[in-house]
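The values are calculated or read from the model by the stated rules, or taken from the named source; none is laboratory data. In this text the structure is predicted, and so the values were computed from the model without any measurement. When we count neighbours, we look across all protein chains shown, and the Cβ atoms used for this are built from the backbone with ideal geometry, even at glycine. Heavy atoms of the whole protein, side chains included, go into the accessibility calculation; ligands, DNA and RNA do not. Shrake-Rupley method; radii C 1.70, N 1.55, O 1.52, S 1.80 Å.
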Amino acid sequence: MKLKSRLIISYTIIAVFLVVVLIIAYMGCGIICKVSPTVMKSGMRLFNWFSIAALFVALIFSQWFANKISGPLKILTDKTQDIANGNYSEKINLRTNTVEVDTLINSVNNLAATLEGQRQVKRRMANDYAHEFRTPLAAIQSNLEGIIDGVFEPSIERLEDIREEILRLSRMVSQIDNLVALENDGIDLNMQSFDLKALLTQTISTFEAAIFDKKINLKLDMTRCEITADKDKISSVIINLISNAIKYTDIGGNIVVSLVDNKSHVAVIFADSGVGIAKKDLPHIFEHLYRTDTSRTRNTGGSGIGLSVTKAIVAAHSGTIDVKSEVDNGSVFTVVLPKR
Ligand code: ADP
């Protein structure tokens, strides 16, 4: 029942109860007085006692009713205090007969669950970042210690290995910076009109050397398509998706990039014949720092941040990104963007 109806019904019951009791008492007094005017005095006394008793019963009922409402509110107040102190794990398992109070209980439970979820994500991220940083740092440390102790020659190859790990660390730091900026400040889009085909062709051409080295067969299937978007950010999306496609495609594999113009939307599809992604990994690859086992064992040098940045940029344009993939059968990433 709604709180308002509950209040109206309860107050009406109390009022009706008082009126009925007073009428009965009044009539009782009248009868007594008629029967014997001499007992009028005791009749009046009886009326007074009736009134006091009625008031007393009404007070008890009001108290019971007030407890019914304030009880759950007190529990809710304690729970919100608990939440303020960082204790999100316990749920309020309480059902009342009042719709608004039940809704409030649900909202507080949902708030606690959301905060608990965020705390777990934060913990996992801190763990993941620590883990990701530890590996290159350990490699740098062991190489440098080996050189200092005279165990390793300070050869060009070894110094290049060290430089590679340092570059990997600094790439991770700048990607984390980007991600934090994107998530904290929202994404500031600098919208402009441009030809998406030209941007795709130009961006992909910067990967010519890598494509040539891996003897990858690249096919571009596009027509001119004018869109309004943040050109630099869309360029980052293209860089991430094409570099992943190259990274996870074996020598001699195929990559097809297509652009499909659908009146109000445009779809950019990156299809590769690479290692593919296992079913269990698919729901997670857009999460921060998520890397599949294949990516780790192949030591691709990836950090698992690129796709989360990509997804945030696409979402900021009110677009979508999705992936279809099968292990050993390649992957297809589809980005759909509104044209304006
Ligand atoms: P990374 O820098 O590791 O490539 P991303 O966030 O770009 O990070 O990608 C997350 C993970 O998704 C990768 O580590 C890889 O396991 C998987 N992945 C992304 N793109 C592809 C692809 N085209 N083929 C196979 N796996 C991919």
From DSSP H assignment alone, runs of 4+ in the chain each adding -39500 (n - 2.57), the sum over residues rounded to the nearest 500 puts [θ] at 222 nm at -21500 deg cm²/dmol
Note on the chain: contact order normalised by length, alpha-carbon pairs under 8 Å, 6 or more apart, percent, works out to 12 percent
In Å², rounded to a whole number, the accessible area per residue of the stretch 87-127 with probe 1.4 Å is 69 Å²
With all protein chains present, the chain has a carbon and sulfur share of its accessible area (1.4 Å probe) in percent of 60 percent
For residue 145, the accessible surface traced by a 1.4 Å probe with all protein chains present amounts, in square angstrom to the nearest 10, to 90 Å²
Once all protein chains are kept in place, residue 214 shows an accessible area at probe 1.4 Å, nearest 10 Å², of 50 Å²
The stretch 42-88 -> Rg/Rh from Cα coords, Kirkwood Rh, value 1.47
Of 88, 26, ordered by accessible area with the largest first and a 1.4 Å probe, the sequence is 26, 88
Taking placed amide H atoms and a strict 5 Å upper bound, the residues 5 or more places from residue 326 or on another chain that come that close are 277
Expressed in angstrom and ordered largest first, the alpha-carbon extents of the stretch 131-183 along the principal axes are 46, 20, 11
One can check that the equivalent ellipsoid of the stretch 90-185, built from the alpha-carbon gyration tensor with semi-axes equal to the square roots of five times its eigenvalues, has lengths in Å, largest first, of 52, 15, 5
Averaged per residue, the 1.4 Å probe accessible area of the stretch 144-260, protein heavy atoms only, in Å², is roughly 59 Å²
For the stretch 1-151 (alpha-carbon point model, no solvent) the Debye-based log₁₀ I(q)/I(0) at q = 0.12, 0.16, 0.21 Å⁻¹ works out to -0.77, -0.95, -1.19
The stretch 208-281 and the stretch 71-128 have their Cα centres apart by a whole-number Å value of 43 Å
For residue 91, the lysines lying under 16 Å Cα to Cα, once residues fewer than eight places off in the same chain are dropped, come out as 74, 79
Calc'd 3J(HN,Hα), the stretch 169-179, phi into Karplus 6.51 cos²θ - 1.76 cosθ + 1.60 (θ = phi - 60°), Hz, glycine/Pro = x, comes to 4, 6, 4, 5, 4, 6, 5, 5, 3, 4, 5
Treating only Lys and Arg (+1) and Asp and Glu (-1) as charged, each at its beta carbon, one finds that the chain has a dipole about its Cα centre, in Debye to the nearest 20, of 2560 debye
Computed over the Cα atoms of the stretch 203-330, the Rg and Dmax in Å are 14.5, 42
Inverse of <1/r> over all distinct C-alpha pairs of the stretch 1-80, i.e. the Kirkwood Rh in Å, gives 14.9 Å
For residue 231, the lysines lying under 27 Å Cα to Cα, once residues fewer than eight places off in the same chain are dropped, come out as 197, 219, 247, 263, 311, 324, 339
Reported to the nearest 10 Å², residue 180 has, with a 1.4 Å probe, an accessible area equal to 70 Å²
Partner aspartates and glutamates whose C-alpha sits under 12 Å from that of residue 2, ignoring same-chain residues fewer than 8 away, are 100, 102
Convex hull around the C-alpha positions of the chain: the volume in Å³ per residue is 218 Å³
Unit-weight point scatterers at every alpha-carbon of the stretch 152-265, Debye formula, q = 0.14, 0.15 1/Å: log10 I(q)/I(0) is -0.79, -0.88
Diffing the stretch 238-248: the Karplus 3J(HN,Hα) column from phi (6.51, -1.76, 1.60, θ = phi - 60°), in whole Hz with x for Gly and Pro, holds 5, 4, 5, 6, 6, 5, 5, 4, 5, 4, 9
The stretch 194-314: relative contact order from alpha carbon pairs under 8 Å, six or more residues apart, as a whole percent, is 24 percent
Ranked output for segments 241-248, 158-165 by mean other Cβ atoms within 10 Å, highest leading, reads 241-248, 158-165
